[in-house]
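**Student:** I am attaching a structure below and will ask some questions about it afterwards.
The values are calculated or read from the model by the stated rules, or taken from the named source; none is laboratory data. Here the structure is a predicted model, which means the values were calculated and not measured. Counting neighbours? That spans all protein chains shown, and the Cβs are built from the backbone with ideal geometry, glycine included.
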Amino acid sequence: MITTRVAALSVFSLLFSLPIQAAEYHVAPGVPGAADDNPGTLAKPWKTLARAAATARAGDTVLIHAGTYPESVTMRNAGTNDKPIVFQAFEDDGVILEGADVFGADKWQLAPNTRNIYAAGLDRDPGLVLVDGKALGPKVDQTKKVYPRAYKLGVLTDADKNVYQYDAKGRKLLLSLGGDTPAMHIINVPVRTTALMLNAHCRLAGIHASNYRGSAIEVVGDDSIVEDCLVTDSGSGIRVSGWDYRGAIVRRNTVIGALGNGIYLQDRPTQCLVEDNLAVRCTLNPAHEDGWMGSIKMNGASDSIFAHNVVLEGGNYETDGGHDGLAMWGDIDIVRTMFLGNTCANNKSSGLYVEYTMGDTRAYFNTSYRDGGGITCRQSQRGVFMRNLLLESRGSGFAVWEGAAPYSTTDQVFAHNLVRDCNPAIWLAIEQPNFADYNTYWPGKNAVLACGEAPSGVRPPQYKELADWIKATGHDVHSQVKDAQPADVGLDTVTFRVADAKDPKQALMMVGNGGCEYEDPAGQNILPYFWRSGTGDGVEHKFPYAAYCSLKGGTEAMAYPGAGGTVAFSMDSPSAPIQAKLAHGGLRYLKIDGQKPADMCRQGLGFWSPSLPARATDTYDIGFFVRGVELRTTGAAAIGAFVEFTDATGQHRQRAALPNGIATGTPLLGTFGWTKLAAAVTVPGGAKRMRVFFGLLPATGQLLLDDISIKVR
Ligand SMILES: [Ca+2]
């Protein structure tokens with residue numbers, strides 16, 4: 001493991017240290033003699049992140065050593081396109097940015113005329129108070145008991161227990177512990193708003209931000225990256241805000257316990273990538289305010305991709321009105337957004353909510369499981385929703401509603417979706433022109449299959465039989481009703497568990513493309529949505545996308561020589577014998593050509609899976625098919641496949657090798673036909689994420705991969 005880290009660090013150093021005057025700084029408050037007037041070297045490190053944020057310039061790297069940093073930091077400078085400013089945890093060090101201060105017994109005074117209420121001076125509402133690590137919310141009084149229920153912030157009495165009140169006028173925090181005194185507990189109060197504010201062209205990695213009052217991590221500039229960070233118990237998680245910023249990448253982060261949005265693109269950011277994030281119990285909304293919150297939300301964003309995120313258990317079931325608890329929510333003048341392969345489960349409201357002039361949305365291969373609704377569109381236009389898996393929604397599987405001009409709900413297309421046990425499966429409250437066809441339905445027992453359009457205040461027509469729905473509306477002429485999952489739906493799933501879920505035993509599924517068959521029903525290509533090209537060390541070594549080509553057979557090359565070979569999604573011609581059939585199943589497969597082994601990443605060139613949440617001690621069965629053409633290597637093996645486990649901050653990397661041959665000690669080389677390789681892998685202690693790599697080690701020849709499966713037992 002140490003050699004892996006050293007290798008990764010040295011590549012990192014090469015990438016970011018070559019430009020002239022780029023510096024590497026160290027912040028290490030735990031080292032004796034650490035001080036902000038030190039030079040910031042490993043031997044004489046700084047004490048605070050504030051010092052680093054004030055100093056670091058384009059090209060500099062700040063390595064943050066183990067410690068708790070009670071700071072709120074804004075980076076003074078910006079990086080440049082080829083010289084980012086990097087802030088990242090040093091090796092496997094645990095780095096906690098702490099937004100709360102300990103409020104010891106000396107801070108509190110018994111409030112006048114009370115027996116159990118303690119007061120402490122505070123300049124702003126903290127949003128939550130942590131007592132012995134457990135988050136407590138404000139006292140709220142319900143003012144309306146029927147739907148939609150209403151609340152207002154309440155006033156503490158001696159009878160209250162484990163709630164707080166913020167007295168804005170008196171600038172006091174009031175806390176009731178049900179008769180206990182503050183001296184009997186450890187009380188942490190969020191006093192800082194943001195852990196780190198990133199400027200343009202910055203990169204933040206591997207830190208844990210906890211107990212911040214506002215967005216723990218903020219991006220205010222172009223082309224910045226937030227990756228492998230953990231945010232817990234904060235006002236909200238990660239926000240990209242400011243008008244028209246572009247190019248933010250938010251990936252492999254975990255946000256747990258956000259009062260508001262988990263990840264938020266706000267105020268027209270464009271061309272952003274939000275990928276492989278895990279958001280659990282966001283939009284908790286303890287005050288029930290109309291916060292318009294989503295676990296992953298965008299507001300006025302455009303041209304962005306949301307892929308392979310997992311969103312669980314968002315929302316506050318006590319809050320009515322539908323303005324919180326949405327898993328993925330696009331809102332207000334958003335255009336050209338793509339949702340690929342996301343998994344939403346057990347959220348209070350819809351898995352995917354498309355609202356308010358959100359044009360040209362594309363949603364493929366998403367899973368909504370036990371959400372308030374599957375996919376819902378309101379006042380939006382020209383969405384395409386295909387090959388989504390909508391299971392056991394409490395409400396409709398997919399729906400369009402409320403479309404009065406000028407915010408009409410039109411031209412939404414729902415096709416080739418699988419809708420099981422939703423009630424109803426489909427609800428087109430605005431029938432025309434919206435389109436539904438070629439779907440597969442498994443209605444629940446006695447459930448309504450579909451609901452139609454009705455004037456306001458009139459009960460919408462309900463249809464129990466597909467034939468009646470077709471007759472009345474003309475929709476779903478080619479759809480089918482089935483009572484078991486059809487074998488030929490063209491979708492595979494990856495199953496996994498999430499340690500941080502309320503029920504960590506529950507197996508969840510992400511739609512996978514294990515067979516690499518991701519083309520749409522007309523045979524047209526879209527972006528590959530699951531496997532992505534990469535190197536075995538996870539560092540991108542010049543990976544330009546080449547082109548999308550070959551609609552009817554051929555190759556989409558994704559890496560050029562320079563990475564030592566090419567990586568491609570390939571496709572057999574459907575009209576043999578123009579081209580020999582190469583795929584194991586279907587028409588598509590992954591292909592890696594070795595050309596210049598000397599230029600290849602030592603740990604391989606190939607494909608990564610998404611970063612899935614993982615639970616220690618779970619066992620995964622991983623199977624894959626390989627085929628070789630003249631594989632030659634000077635090393636021990638040509639196939640490099642492994643599972644990589646990390647904690648929630650991308651650290652403590654551990655790998656489990658997958659077989660590179662049929663029997664131990666006999667790696668596959670030369671030319672061979674499709675061969676199945678399989679292994680059972682157990683998630684090690686401390687791991688919170690896993691991803692799988694399949695690739696070619698430095699070698700010449702061609703490695704083909706197909707029909708890959710990842711299943712938790
Ligand atoms: Ca295939």
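**Student:** Among the candidates K348, K445, single out the residue that is in a loop (DSSP other than H, G, I, E, B) and under 23 Å from the mean Cα position of the chain (by Cα).
**Tutor:** K348
**Student:** Scan region 352-360 and tell me whether some residue there is of a type in the set (S, T, Y), at pLDDT below 95 and either surrounded by fewer than 23 Cβ atoms within 10 Å (Cβ to Cβ) or not assigned by TED's automatic domain parsing to the domain that holds A279 (or both).
**Tutor:** Yes, region 352-360 has at least one match.
**Student:** A further question on this structure: Kindly provide the set of residues from region 570-589 that are surrounded by 24 or more Cβ atoms within 10 Å (Cβ to Cβ) and either among the hydrophobic types (A, V, I, L, M, F, W, C) or away from the ligand (no atom under 16 Å from the Cβ) (or both), ordered by number.
**Tutor:** M571
**Student:** While we're looking at this one, here's another question. Scan region 69-87 and give yes if some residue there is within 29 Å of R653 (Cβ to Cβ) and either free of Cβ contacts under 8 Å to residues at least 24 places away in the same chain or basic (K, R) (or both), otherwise no.
**Tutor:** yes
**Student:** Another question, if that's okay. What residue, of V400, V413, V419, is surrounded by fewer than 24 Cβ atoms within 10 Å (Cβ to Cβ), among the β-branched types (V, I, T) and under 15 Å from I375 (Cβ atoms)?
**Tutor:** Sole residue among the options that is surrounded by fewer than 24 Cβ atoms within 10 Å (Cβ to Cβ), among the β-branched types (V, I, T) and under 15 Å from I375 (Cβ atoms): V413.
**Student:** With A28, A23, A35 as the choices, which residue is surrounded by 12 or more Cβ atoms within 10 Å (Cβ to Cβ), under 14 Å from V86 (Cα atoms) and either touching a helix residue (DSSP H, G or I) at 6+ places or on another chain (Cβ under 8 Å) or modelled with pLDDT of 95 or more (or both)?
**Tutor:** Going through A28, A23, A35 in turn, just one is surrounded by 12 or more Cβ atoms within 10 Å (Cβ to Cβ), under 14 Å from V86 (Cα atoms) and either touching a helix residue (DSSP H, G or I) at 6+ places or on another chain (Cβ under 8 Å) or modelled with pLDDT of 95 or more (or both): A23.
**Student:** Looking at (1) closer than 23 Å to F672 by Cβ; (2) under 26 Å from the mean Cα position of the chain (by Cα); (3) within 16 Å of the ligand (Cβ to nearest atom), which one does A641 not meet, given that it meets all the others?
**Tutor:** Checking A641 against (1) closer than 23 Å to F672 by Cβ; (2) under 26 Å from the mean Cα position of the chain (by Cα); (3) within 16 Å of the ligand (Cβ to nearest atom), the one that fails is (3).
**Student:** In the set V494, V481, which member is at pLDDT 85 or above and out of contact with any Gly (no Cβ under 9 Å at 6 or more places or on another chain)?
**Tutor:** V481
**Student:** For region 319-327, indicate whether the set of residues that are free of Cβ contacts under 8 Å to residues at least 60 places away in the same chain, assigned to a loop (DSSP other than H, G, I, E, B) and over 18 Å from R378 (Cβ atoms) is non-empty.
**Tutor:** No: zero hits.
**Student:** Can I ask one more? Scan region 386-397 for residues that are farther than 11 Å from S368 by Cβ and part of a strand (DSSP E or B) and jot them down.
**Tutor:** Result: M386, single match.
**Student:** So the check is Cβ under 8 Å with 6+ separation or different chains; which pairs have a first residue in region 453-478 that's on the phi > 0 side of the Ramachandran plot and a second one that's surrounded by 11 or more Cβ atoms within 10 Å (Cβ to Cβ) and part of a helix (DSSP H, G or I)?
**Tutor:** Sorted first by the residue in region 453-478, then by its partner, the pairs are D476/L466; D476/W469; D476/I470.
**Student:** Using the structure shown, decide if A119 is touching a strand residue (DSSP E or B) at 6+ places or on another chain (Cβ under 6 Å), small (G, A, S) and more than 30 Å from P45 (Cα to Cα).
**Tutor:** Judged against the criteria, A119 is a match.
**Student:** Now a separate question. Taking interchain pairs and intrachain pairs at least six residues apart, which have beta carbon atoms under 6 angstrom, with the first residue in region 411-428 and closer than 20 Å to T357 by Cα and the second β-branched (V, I, T) and buried (at least 24 other Cβ atoms within 10 Å of the Cβ)?
**Tutor:** Q412/V400; L428/V400
**Student:** One residue is enough: does region 177-185 have a residue meeting the conditions in contact with a Gly (Cβ under 9 Å, 6 or more places away or on another chain), of a type in the set (G, A, S), outside the structural domain of P286 (by TED's automatic domain parsing) and surrounded by fewer than 17 Cβ atoms within 10 Å (Cβ to Cβ)?
**Tutor:** Within region 177-185, one or more residues are in contact with a Gly (Cβ under 9 Å, 6 or more places away or on another chain), of a type in the set (G, A, S), outside the structural domain of P286 (by TED's automatic domain parsing) and surrounded by fewer than 17 Cβ atoms within 10 Å (Cβ to Cβ).
**Student:** Among C549, C601, which is the only one that is at pLDDT 90 or above and either away from the ligand (no atom under 16 Å from the Cβ) or not in a loop (DSSP other than H, G, I, E, B) (or both)?
**Tutor:** None of the others qualify; the one that does is C601.
Listed here are the residues, each with its yes/no results for (1) within 26 Å of I334 (Cβ to Cβ); (2) part of a loop (DSSP other than H, G, I, E, B); (3) touching a Pro at 6+ places or on another chain (Cβ under 8 Å).
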site: Y407; (1), (2), (3): yes, yes, no
site: V419; (1), (2), (3): yes, no, no
site: E431; (1), (2), (3): yes, yes, no
site: P460; (1), (2), (3): no, yes, no
site: H478; (1), (2), (3): no, yes, no
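**Student:** Next up: Which condition breaks for A559 when tested against (1) away from the ligand (no atom under 16 Å from the Cβ); (2) modelled with pLDDT under 80; (3) surrounded by fewer than 24 Cβ atoms within 10 Å (Cβ to Cβ); (4) not hydroxyl-bearing (S, T, Y)?
**Tutor:** Tallying (1) away from the ligand (no atom under 16 Å from the Cβ); (2) modelled with pLDDT under 80; (3) surrounded by fewer than 24 Cβ atoms within 10 Å (Cβ to Cβ); (4) not hydroxyl-bearing (S, T, Y), A559 fails exactly one: (3).
**Student:** Look through A58, A50, A43, A120 and report the one residue that is under 18 Å from A28 (Cα atoms) and either within 30 Å of the chain's Cα centre (by Cα) or assigned by TED's automatic domain parsing to the domain that holds D160 (or both).
**Tutor:** A50
**Student:** Being crowded, with 24+ Cβ neighbours inside 10 Å and farther than 25 Å from R246 by Cβ is the filter; apply it to region 286-312 and report the residue that is nearest to the chain's Cα centre (by Cα).
**Tutor:** Among them, the one singled out is V310.
**Student:** Give me a count of the residues in region 630-644 that are touching a residue at least 60 places away in the same chain (Cβ under 8 Å), buried (at least 23 other Cβ atoms within 10 Å of the Cβ) and part of a strand (DSSP E or B).
**Tutor:** Of the residues in region 630-644, 3 are touching a residue at least 60 places away in the same chain (Cβ under 8 Å), buried (at least 23 other Cβ atoms within 10 Å of the Cβ) and part of a strand (DSSP E or B).
**Student:** For region 100-151, enumerate the residues that are on the phi < 0 side of the Ramachandran plot and among the acidic types (D, E).
**Tutor:** Scanning region 100-151 gives D101, D106, D123, D125, D141.
**Student:** To continue, here is another question. Check region 646-654 and report whether any residue there is part of a strand (DSSP E or B), crowded, with 22+ Cβ neighbours inside 10 Å and modelled with pLDDT of 95 or more.
**Tutor:** So far as region 646-654 goes, yes, one or more of its residues are part of a strand (DSSP E or B), crowded, with 22+ Cβ neighbours inside 10 Å and modelled with pLDDT of 95 or more.
**Student:** Kindly indicate whether T337 is among the polar types (S, T, N, Q), buried (at least 24 other Cβ atoms within 10 Å of the Cβ), assigned by TED's automatic domain parsing to the domain that holds G372 and not in a loop (DSSP other than H, G, I, E, B).
**Tutor:** It is true that T337 is among the polar types (S, T, N, Q), buried (at least 24 other Cβ atoms within 10 Å of the Cβ), assigned by TED's automatic domain parsing to the domain that holds G372 and not in a loop (DSSP other than H, G, I, E, B).
**Student:** Could I ask something else about it? K711: more than 16 Å from the ligand (Cβ to nearest atom), out of contact with any His (no Cβ under 7 Å at 6 or more places or on another chain) and not in a loop (DSSP other than H, G, I, E, B), yes or no?
**Tutor:** Taking the combined requirement at face value, the residue satisfies it.
**Student:** Okay, next question. Can you confirm whether A120 is among the aliphatic types (A, V, I, L, M), surrounded by 14 or more Cβ atoms within 10 Å (Cβ to Cβ) and within 30 Å of H652 (Cβ to Cβ)?
**Tutor:** no
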